[in-house]
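Comments concern the structure below.
The values are calculated or read from the model by the stated rules, or taken from the named source; none is laboratory data. Worth saying up front: this structure is predicted, and the values here are computed from it rather than measured. A quick note on method: Cβ atoms are made from the backbone with ideal geometry, for glycine too, and the neighbour counts reach across all protein chains shown. Each accessible area value is taken on the protein alone, full model and side chains, heavy atoms only, with ligands, DNA and RNA left out. Shrake-Rupley method; radii C 1.70, N 1.55, O 1.52, S 1.80 Å.
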Amino acid sequence: MPATVKVLERKPLSFAERTYLPQIAAGLKTTIKHLFAPKVTMEYPEQRPEILPGYRGVPTLVMDPHGREKCVSCQLCEFVCPPKAIRITPGEVPADQPERSHVEKAPREFEIDMLRCIYCGLCQEVCPEEAIFLQNVYSTSGYTRASMVNNKQRLYELGGTLPDQHFKWDRKKAAETAGNARH
Amino acid sequence: MSDLLFFAFTALTAGGALGVVLNKNAVHAAFCLLLSLLGTAGLFVLLNAYLLAALLILVYAGAVVALFVFVVMLIGMQGGTGKPTGRLATVGAFLAFIALLAGAFVTLTREPLPPPVLANMPPVGAELKLYAYQLFTTYLLPVEVSGFLLLVAMIGVIVLAKKDKPEAKA
Amino acid sequence: MADFYFSLPPLLRGFLQGLAVVLVIFPIAGASSLAERKVSAWIQGRPGPNRAIVPWFAAIPFLGRFLQRLGLFHLAADGGKLLLKEEPLPGHVHKFYYTIAPWLGLIPAFTTITVVPFGAYWDSAMQTMHPLVLANVDIGILAVFAIGSLGVYSVILAGWSSNSKYPFIGSIRASTQLSSYEISMTLAVLPVFMWINSPGSDGSLSLARVVEFQSGTHFLGGLWFVFLMPLSALIFLIALFAETNRLPFDMPESEADLVGGFHTEYGAFKWSLFFVAEYAHMIVGSAVFVVLFLGGWNPLPWVPVASLVHWFHLENLPFVVGLVSIAIFLAKVIFMIFFFMWVRWTLPRFRYDQVMRIGWRRLLPLAIANLIFYIIAIALLT
Ligand code: SF4
Ligand code: SF4
């Protein structure tokens with residue numbers, strides 16, 4: 001069925017409309033209402049917008065609920081990072097954490113250059129340990145280039161602790177002990 | 001004080017007028033004309049002829065010179081045309097110069113005018129009314145004639161401006 | 001104090017009066033620039049400038065915070081910035097005209113103020129009214145128009161001497177627009193002056209007299225001219241917007257198509273002079289409008305200042321009466337300035353051809369018809 005076209009007749013403007021004055025008065029009314037209406041501006045540094053879950057902010061390193069480092073320094077994120085923002089210096093697991101000695105590796109230094117990072121989230125995607133997350137930090141600034149590079153300590157400060165369902169390395173350890181006990 | 005002002009305004013008027021004639025750049029000349037008009041208006045003010053001063057500024061300085069400048073800027077006539085003046089113009093200018101000299105000679109050598117009788121001068125407040133009254137009684141004919149002249153000029157301009165249109169389109 | 005003042009030589013007195021007026025105008029012009037930012041912000045649902053603060057003021061508990069939110073210190077910061085900024089002089093400009101153009105804008109604005117009355121006081125017998133005005137010349141309104149019309153040179157010169165395209169177009173627009181609307185403006189005020197110069201009277205174009213005519217208490221005498229001649233007031237107001245280059249008539253600087261218009265090539269202090277001149281023009285224009293149509297220093301229609309004096313027994317305090325009348329007058333002027341801003345953030349800019357069409361095809365015939373109507377009406381009335 002062909003669409004029916006309904007032609008609306010354009011009414012000629014009345015005299016009042018042609019002087020524009022009623023329209024101008026109406027406009028003035030609208031603007032004066034806005035003058036007294038509550039302001040919608042969010043005054044930024046004091047008031048901050050609410051960040052919804054799933055926001056892709058600054059990449060951070062997180063710890064497991066026991067406060068232990070999760071990153072195993074596998075360097076997958078360093079490898080995948082498109083702009084090569086991540087630089088990892090692998091190291092040993094510190095000697096004062098015997099319950100993690102079976103993890104073998106930990107990052108000695110972990111740097112993300114926020115001048116390079118493009119917030120793509122691939123590091124979070126690729127990490128086998130769920131150790132790196134893009135969280136809700138959205139504003140980074142600094143006076144020097146060096147200050148725009150987040151080192152390991154800063155990354156953990158920003159990241160904090162996230163809940164963990166798996167405790168993968170605990171289970172590995174348990175499995176290892178159980179297996180060793182059987183033999 | 002008022003002597004000082006008189007000399008200042010005279011200097012402005014005469015200097016401005018010289019500037020109009022001597023300046024090659026049309027825009028500079030137009031602004032010299034403006035200065036000259038302002039000086040004249042100042043002289044009128046010194047004579048208590050406020051109305052005349054205001055009208056001079058309003059009509060000439062405010063509108064006519066503004067239009068001059070507008071036209072000069074629009075057609076971009078910054079330097080002179082550089083064309084040598086024709087023979088007729090030279091002769092005319094020469095005659096005008098002679099007439100001017102003669103006028104100056106007569107003015108300088110004739111008997112001084114009798115000083116104005118102050119009692120006959122209208123008070124400043126009533127001047128306006130007097131002015132208007134005379135404009136519409138004694139001087140009605142000149143006013144009407146000059147008004148008619150302006151009307152004719154205006155129609156002429158409209159005709160001239162309109163004539164181009166169809167040709168430009170075709 | 002008053003006696004001491006009147007014993008001063010007239011020249012010094014005139015100088016002091018002028019200084020006093022300028023000292024009022026400049027802060028108002030400055031405050032207007034802040035008000036413009038604030039009003040625009042409020043109308044757009046923003047709080048506007050509200051951050052800058054001087055540490056000493058921050059220490060004042062309530063007031064400091066209030067002033068900060070009001071953005072008062074932004075004004076000082078702006079002024080300081082404009083003063084201290086490097087003053088660029090582009091290489092391609094005509095240096096002499098380029099330098100004097102901003103000043104030429106200020107001079108007419110401040111000169112016109114001299115003939116605008118801004119208050120009045122009475123001698124103790126309440127017999128004669130003394131208007132407060134720098135120069136109570138008989139040709140009042142003509143002087144305003146005459147000197148005001150010189151303001152166009154600032155814009156023209158700025159545009160021409162900048163020697164670049166956009167300023168040039170801006171100044172061309174300015175010169176046509178200003179001379180076009182001047183005609184309607186002049187025609188619009190004629191009925192007012194015909195009204196106050198009914199046959200047989202002295203004949204005067206003084207602005208103080210216009211206010212006198214609006215300070216009666218009976219029906220026609222107390223009616224402000226805006227009610228008596230609404231069409232005149234409207235035409236004058238529209239022409240005023242055009243003459244002061246305010247939106248919706250800001251053709252000369254319309255930043256959408258001309259970058260900055262006539263002041264594109266200007267910066268720092270010279271630019272700020274244009275800015276101040278624009279506000280000074282607005283203030284003078286508003287003052288003239290208030291005097292002509294809004295009853296001058298009378299608080300309400302049919303309630304002139306003289307009635308206030310009677311009610312509150314201020315007969316022997318001419319000083320207070322003068323201040324009250326000035327305050328009322330200033331309040332009205334400030335409202336008018338607010339109105340300018342209010343309109344600015346309400347209406348979009350006209351197109352250039354629309355501006356010309358409104359000026360010549362609508363406003364001018366309307367002004368002439370209005371004039372003829374009042375000629376007949378006044379002839380019938382008297
Ligand atoms: S978010 Fe993307 S760019 Fe940034 S560090 Fe991770 S992988 Fe690199
Ligand atoms: S953050 Fe994840 S991907 Fe990167 S090195 Fe550590 S464990 Fe590997």
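Could you check which residue among C:Gly148, C:Gly71, C:Gly91 shows the biggest mean-square fluctuation in a GNM of chain C with a 10 Å Cα cutoff?
Sorting by GNM fluctuation, first place goes to C:Gly91.
Need the per-residue list for the range C:29-63: every residue with at least 10 Å² less accessible surface in the complex of protein chains than in the chain by itself, probe 1.4 Å, sorted by number.
Buried-area filter returns C:Trp42, C:Ile43, C:Gly45, C:Arg46, C:Pro47, C:Arg51.
So what's the back-of-envelope 222 nm ellipticity for the protein assembly as shown, counting only DSSP H runs of four-plus at -39500 (n - 2.57) apiece and dividing by all residues, rounded to 500?
Computed mean residue ellipticity for the protein assembly as shown: -19000 deg cm²/dmol.
Between B:Lys162 and A:Ile24, how high is the FRET efficiency from 1/(1 + (r/R0)^6) when r is the Cβ-Cβ distance and R₀ = 22 Å? Nearest 0.05.
0.05
Run down the lysines and flag those whose C-alpha is under 20 Å from the C-alpha of C:Lys95, throwing out any fewer than 8 positions away in its chain.
Leaving aside lysines fewer than 8 places away in the same chain, those within reach of C:Lys95 are B:Lys24, C:Lys85, C:Lys165, C:Lys270.
For a quick protection proxy, order the peptides C:23-30, C:205-212, A:54-61, C:51-58 by their average other-Cβ count within 10 Å, most packed first.
By packing density, highest mean first, the sequence is C:205-212, A:54-61, C:23-30, C:51-58.
On the full set of protein chains, 1.4 Å probe, figure out the accessible area of B:Lys162 and give it in Å² to the nearest 10.
That residue has around 140 Å² of solvent-accessible surface.
Stokes-Einstein D for the range C:156-285 at 25 °C, 0.890 mPa s, Kirkwood Rh over Cα pairs, in µm²/s?
Rounded, D is 147 µm²/s.
Shape call for chain C from the C-alpha gyration tensor, a ≥ b ≥ c root eigenvalues: rounded (a/c under 1.5), prolate (a/b greater than b/c) or oblate?
Oblate, since a/c reaches 1.5 and b/c is not below a/b.
Order these peptides, A:166-175, C:137-146, by their mean beta-carbon neighbour count within 10 angstrom, highest first.
Sorting A:166-175, C:137-146 by mean packing, highest first, produces C:137-146, A:166-175.
For peptide B:47-57, what's the mean number of Cβ atoms from other chains within 10 Å of each residue's Cβ?
4
Run the simple label-point estimate for C:Lys165 and C:Ser40 please: 7 Å along Cα→C-beta, distance reported in nm.
2.5 nm
What is the mean number of Cβ atoms from other protein chains located within 10 Å of the Cβ atom of each residue in peptide A:31-39, rounded to a whole number?
5
May I have the convex hull volume per residue, in Å³, for the Cα set of the range C:245-382?
Residue-normalised Cα hull volume stands at 158 Å³.
Would you calculate the convex hull of the Cα atoms in chain A and tell me its volume per residue in Å³?
Hull volume over Cα atoms, normalised by residue count, gives 296 Å³.
With a 10 Å radius around each residue's Cβ, average the other Cβ atoms per peptide and rank C:278-288, A:117-127, C:77-87, C:102-112, highest first.
C:278-288, C:102-112, A:117-127, C:77-87
Tell me the relative contact order for the range A:90-183 as a rounded percent, counting alpha carbon contacts under 8 Å between residues six or more apart.
In percent, rounded to a whole number, it is 25.
Could you work out the relative contact order of chain C, using alpha carbon pairs under 8 angstrom and six or more residues apart, expressed as a whole percent?
Reported as a whole number, the value is 22 percent.
What is the calculated FRET efficiency for C:His310 to A:Lys173, with r their C-beta to C-beta distance and R₀ = 60 Å, to the nearest 0.05?
Efficiency for this residue pair is about 0.05.
Mean Kyte-Doolittle hydropathy of -1.0 or higher plus an axial Cα length of 18 Å or more: which whole DSSP H helices in chain A meet both?
Those that clear 18 Å and a mean of -1.0 are A:21-36.
With the full set of protein chains in place, find how many percent of the accessible area of chain C is carbon and sulfur; take the probe as 1.4 Å.
The computed percentage sits at 73.
If you find the alpha carbon centre of the range C:52-126 and of the range C:217-283, how far apart are they in angstrom?
Computed from Cα coordinates, the inter-centre distance equals 18 Å.
Obtain the nm distance between the two label points defined at B:Asn25 and B:Leu46 by a simple spin-label model: each point lies 7 Å from its Cα along the Cα-to-C-beta direction.
In this crude spin-label approximation the distance works out to 3.0 nm.
Over 21 Å, how big is the tail of the calculated P(r) for the range C:1-75, in percent of all Cα pairs?
51 percent
Return the FRET efficiency for the residue pair B:Ala14, C:Leu23: r is the Cβ-Cβ distance, R0 is 30 Å, and the value is rounded to the nearest 0.05.
Calculated transfer efficiency: 0.20.
How much area per residue is accessible in the range A:59-162 when the probe is 1.4 Å and only protein heavy atoms are counted (Å²)?
Accessible surface, normalised per residue, equals 55 Å².
Quick one, could you list the DSSP H helices from chain C stretching 24 Å or more along their long axis (Cα atoms) with average Kyte-Doolittle hydropathy of 1.0 or above?
Counting only whole DSSP H runs, the qualifying helices are C:10-43, C:268-293, C:318-344, C:364-381.
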